[in-house]
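Asker: Below: one structure in structure tokens.
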Amino acid sequence: MSALSSKHLLGIKDVSKKDIQLIFKTAENFKEVLNRPIKKVPSLRDITVANIFFENSTRTKISFELAEKRLSADIVNFNSGTSSINKGETLIDTVNNILAMKVDMVVMRHPAPGAAKFLSNHIDANIVNAGDGTHEHPTQALLDAYTLTEKLSNLSNKNILLVGDIIHSRVALSNIYCLQKLGANVRVCGPPNLIPNHIESLGIEVSYDLKESLNWCDAANLLRIQLERQDDKYFPSLREYSLQYGINQEILNQVDKDIIIMHPGPINRGVEITSQVADSNNSVILNQVENGVAIRMAILYLLSSN
């Protein structure tokens, strides 16, 4: 069985292009499995996976659970809200107690950037980062890039636009790293207050002109306004944001080509995207959801051999 170059998936920054291509190839095989009448294989039959989520999650958590079940893994779900964390127990003690129950892999989401990396230095189990603060969300970037390769064949010299709350988005950073490794040109667009200072140093373009950027790109990935991470007001109102940077059919009609519309979810309909666009033929949002299970199956499968 082929394996990834690392025993963990902590972030896209440290993943090689060869690793990404191996994940995509493996995911393609698992997509075939997911379309069978019996959508299950015994690949992780002797593996126990702990899903440890310290932040709320719907799509990512369900996607991982489904991927694990499709691979026949045993699953332990950890709810931080009802755990001994509330009694003062440390992250390492919590995870070590779980590992003492003979858990082999840990899928973790945590509000602190670098939490997955920190944990990898202290425990032996394979770790998959399901999102760490505003840092990275590697599996989302992989499923986004995989969805694009299905539509565009390859991403070499393709123009990919990220629109919205870039400064608070772990999806944005992981997407930038992943798309660049696959040869794409990346641009970010949004209100100046939501674009990090010096982000051009990553080798990407910055624009505040949505219409010009839509004419530039082959695909646009629309990112949610993360109000829960914003201590200060970054723009006057959601209505103002929608008028300046929201995607609607009228704007797309002014673009001289068809572009792919993406969104990692959850969607704020009427803010960053209208229902008409989200549900249109240009949208691959539901493809992203479907591909998320196959990509996560591939990652868990490949890491299990390390």
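Asker: 7 Å from Cα along Cα→Cβ at both Leu152 and Glu290: what's the point-to-point distance in nm?
Answerer: Here the modelled spin labels are 2.0 nm apart.
Asker: What FRET efficiency comes out for Glu28 versus Asn281 if R0 is 25 angstrom and r is the Cβ-Cβ distance? Round to the nearest 0.05.
Answerer: On the way: r = 23 Å, r/R0 = 0.93.
It comes out at approximately 0.60.
Asker: I would also like to ask the following. Can you tell me how the range 109-205 classifies by the Cα gyration tensor, rounded, prolate or oblate, using a/c under 1.5 as the rounded cut?
Answerer: Judged from the Cα gyration tensor, the range 109-205 comes out oblate (a/c at least 1.5, b/c at or above a/b).
Asker: I've got another one for you. If you take the square roots of the eigenvalues of the alpha-carbon gyration tensor of the chain and sort them as a ≥ b ≥ c, do you get rounded (a/c under 1.5), prolate (a/b over b/c) or oblate?
Answerer: prolate
Asker: Once you've got the Cα coordinates, tell me which of Lys69/Lys117; Lys31/Lys151; Lys13/Lys117; Lys13/Lys151; Lys18/Lys39 are over 18 Å apart.
Answerer: Details: Lys69/Lys117 26 Å; Lys31/Lys151 15 Å; Lys13/Lys117 12 Å; Lys13/Lys151 24 Å; Lys18/Lys39 28 Å.
Those over the limit are Lys69/Lys117; Lys13/Lys151; Lys18/Lys39.
Asker: Run the numbers for Leu243 and Asn193: contour at 0.36 nm per residue of separation, minus the present Cα-Cα distance, in nm.
Answerer: Working: separation 50, 0.36 × 50 = 18.00 nm, distance 1.62 nm.
Difference between extended and current length: 16.4 nm.
Asker: Size of the dipole of the range 138-288 about the Cα centre, Lys and Arg at +1 and Asp and Glu at -1 on the beta carbon, nothing else charged, in debye to 20?
Answerer: Numbers: 12 positive and 17 negative charges, 50 e Å.
Result for the range 138-288 is approximately 240 debye, rounded to the nearest 20.
Asker: Any idea how far apart Asn97 and Glu200 come out in nm if each label point goes 7 Å out from Cα toward Cβ?
Answerer: The two pseudo-label positions are separated by 5.1 nm.
Asker: With springs only between Cα atoms under 10 Å apart, run a GNM on the chain and tell me which of Asn79, Asn221, Asn51 wobbles the most.
Answerer: Asn79
Asker: Of all beta bridges DSSP finds with both residues in the chain, what is the antiparallel percent, to the nearest 5? Spell out each step's value before the answer.
Answerer: Values: 1 of 36 bridges.
Antiparallel bridges make up about 5 percent of those DSSP assigns within the chain.
Asker: State, to one decimal in nm, how far the label point of His122 lies from the label point of Thr58, with both points 7 Å from Cα in the Cβ direction.
Answerer: Output for this residue pair reads 3.2 nm.
Asker: At a Förster distance of 45 Å, what's the computed FRET efficiency of Asp209 paired with Asn79, Cβ-Cβ distance as r, to 0.05?
Answerer: Numbers: r = 44 Å, r/R0 = 0.98.
After rounding to 0.05, the efficiency reads 0.55.
Asker: Also: Classify the range 138-288: rounded, prolate or oblate, from the alpha-carbon gyration tensor (a ≥ b ≥ c, eigenvalue square roots; a/c under 1.5 rounded; otherwise prolate if a/b is larger than b/c)? Mind dumping the intermediate values first?
Answerer: Working: a/c = 1.44, a/b = 1.14, b/c = 1.26.
The shape class here is rounded.
Asker: Find how much the distance from Ile251 to Asp46 grows on full extension, using 0.36 nm per residue of separation minus their present alpha carbon separation; answer in nm with one decimal. List each step's numbers first, then the result.
Answerer: On the way: separation 205, 0.36 × 205 = 73.80 nm, distance 5.16 nm.
In short, 68.6 nm is gained.
Asker: With a 10 Å cut-off between alpha carbons and a GNM built on the chain, which of Ile204, Ile273, Ile12 moves the most?
Answerer: Among Ile204, Ile273, Ile12, the largest GNM mean-square fluctuation belongs to Ile204.
Asker: Here is a further query. Just Lys102, Lys69, Lys31 to compare: in a GNM of the chain, with alpha carbon springs under 10 Å, which one fluctuates most?
Answerer: Judging by the Gaussian network model, the answer is Lys102.
Asker: If contacts are Cα pairs under 8 angstrom and at least 6 residues apart, what is the relative contact order of the range 138-288 in percent? Write out the running numbers ahead of the final one.
Answerer: On the way: 253 pairs, mean separation 37.2, N = 151.
Contact order relative to length: 25 percent.
Asker: Suppose a student asked you for the relative contact order of the chain, using Cα pairs under 8 Å spaced at least 6 residues apart; what percent would you report?
Answerer: Details: 552 pairs, mean separation 67.2, N = 306.
Computed value for the chain: 22 percent relative contact order.
Taken together, the values in this text are just the output of simple stated rules run on the coordinates, not laboratory data. Quantities reported herein were computed from a predicted structural model and do not represent experimental measurements. Don't worry about glycine lacking a Cβ; one is built from the backbone with ideal geometry, like all the others, and counts go over all protein chains shown.
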